[in-house]
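Each remark here refers to the structure printed beneath this line.
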Amino acid sequence: MTDRTLKSEPNTLKSNRVLNSLKNYPTWALLSLAVNALLILVVGWLLRDSWWPVDYQISPSVARESLLSEASSTTPGLGKRHQLTYQKWMNILQQEAKVAAEKQPEHLNILLGDSLSLWFPPDLLPTNKNWLNQGISGEVSQGLWRRLGLFDRTQPQRIYIMIGINDLIRGVDDRTLLQNYRKILRRLRRVHPQTQVIVQSILPHGGEEATWEGRDRLIAIPITRIQQLNQQLAVIAQEEEVKFLDLYPLFTNAQGHLRADLTTDGLHLNRQGYLVWRSAIQMYTQLVLGE
C-alpha cells in the first residue's frame, strides 16, 4: 500500500459517513436544503450591488390613507408610521378585504403577519400581482388566528405568513406558538383549499446592536431559539401540506444576528431589507412554485 493510498483513506471514510448520514434524511428535507441554498446564492448575486429595479406600485386603499392622515394630524411629528390602535388597523384591513372580495382581482396574493409585513413598501412587492396586506403592528399568532375571517370571501392565489417574533417578545412559549401556527394553517387550508400557503421563517434580531425601544426583551431571545423554531415550522409546514420559505439565512451576519445594513433598529427592516425579501419571494415563486 502506497503513502498516497494511506493518505486518501481517511477522506474516503469521511465521504462514506456523509453519504450514510444523508440517507437517513427524508427526501423533502434534502430538497428543502438544496432549494434554500440555491435561493441564498441567487439572491446574494442579485443584490451584489445593493440594487434592484423598482417598476411597480400599488396605491393604498382610501380607508388606509384616511386613517393614516388622521393619525398624522392628531399626533404631529410622528408621520405616517404612527402606530394606530389595533381596532383601527382591524377596520382598515376589514375594508380592504371587503373590496378584494367584491372585485375578486386576478393573481391575488395576501401578506399575513405583524409590522414586518405591514410596512412592506407597496412599490417593492413583486410585480404582476394584486396584493392585499393584512399585517398589523405588534401582532401575535393568537391574534392572527382570530382575524383570519376578515378575508374569508377572497380568492387568493397565494398567502404568505410571517408571525412569531412578537410572541417571543411577549413571553409566549414555543409550544403555544407552534400550536397556534397549526391552527392558522389548518383554517387557511379549509377555507382556501385552492390557495398556495407559504410559511416564512421568523427573522433574526439585531442582538446587542439593536436600538428598538423594547431592546432588553428582544436581545433576551436566544438566536438559537429562533433557529430551532424555524426548523420546527419547516416540519409543521410539511405535515400541513403547505410551503416553507426560509428567509432566515438571507438576513444574518456572521454572528447569526440581523444584518445592520438591512434593519432600522434591530427588529424592523429598512428598504434594503425589503429588497432582499422581495427578491427571495420572486426567486421562490420561480424555483419552487414553478411560475
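The values are calculated or read from the model by the stated rules, or taken from the named source; none is laboratory data. Since the structure is predicted, the reported quantities are computational estimates derived from the model, not experimental observations. Glycine gets a Cβ as well: all are built from the backbone with ideal geometry, and neighbour counts include every protein chain shown. Accessible surface is based on the protein model in full, side chains and every heavy atom, while ligands, DNA and RNA are left aside. Shrake-Rupley method; radii C 1.70, N 1.55, O 1.52, S 1.80 Å.
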Residue check for Leu125: open to solvent by less than 40 Å² (accessible area, probe 1.4 Å) and within 17 Å of the chain's Cα centre (by Cα): yes
Yes/no for Ile159 being outside any helix (DSSP H, G or I) and closer than 30 Å to Ala254 by Cβ: no
Among the candidates Ile236, Ile226, Ile184, Ile221, residue that is in a helix (DSSP H, G or I), touching a His at 6+ places or on another chain (Cβ under 9 Å) and not basic (Lys, Arg): Ile226
In the range 239-291, the residues that are closer than 22 Å to Pro122 by Cβ, open to solvent by 50 Å² or more (accessible area, probe 1.4 Å) and in contact (Cβ under 8 Å) with a residue 12 or more places away in the chain: Arg271
Flag for Ser73 being of a type in the set (Gly, Ala, Ser), open to solvent by 70 Å² or more (accessible area, probe 1.4 Å) and modelled with pLDDT under 95: yes
Flag for Gly143 being within 19 Å of Glu96 (Cβ to Cβ), out of contact with any strand residue (DSSP E or B) (no Cβ under 9 Å at 6 or more places or on another chain) and not charged (D, E, K, R): yes
Test: residue in the range 208-218 that is part of a strand (DSSP E or B) and farther than 20 Å from Arg175 by Cβ: no
All positions within the range 113-167 that are among the hydrophobic types (A, V, I, L, M, F, W, C) and farther than 19 Å from Leu233 by Cβ: Leu118, Trp119, Phe120, Leu124, Leu125, Trp131, Leu132, Ile136, Leu150, Phe151
Yes/no for Ile281 being assigned to a helix (DSSP H, G or I), at pLDDT 95 or above and of a type in the set (Val, Ile, Thr): yes
Any hit, the range 154-169, residues being in contact (Cβ under 8 Å) with a residue 12 or more places away in the chain and more than 30 Å from Lys98 (Cβ to Cβ): yes
Residue satisfying condition, being within 20 Å of Leu289 (Cα to Cα), loosely packed, with under 14 Cβ neighbours inside 10 Å and out of contact with any Leu (no Cβ under 9 Å at 6 or more places or on another chain), within set Pro193, Pro222: Pro193
Given (1) open to solvent by 10 Å² or more (accessible area, probe 1.4 Å); (2) part of a loop (DSSP other than H, G, I, E, B); (3) at pLDDT 95 or above, number of the condition Trp145 does not satisfy: (2)
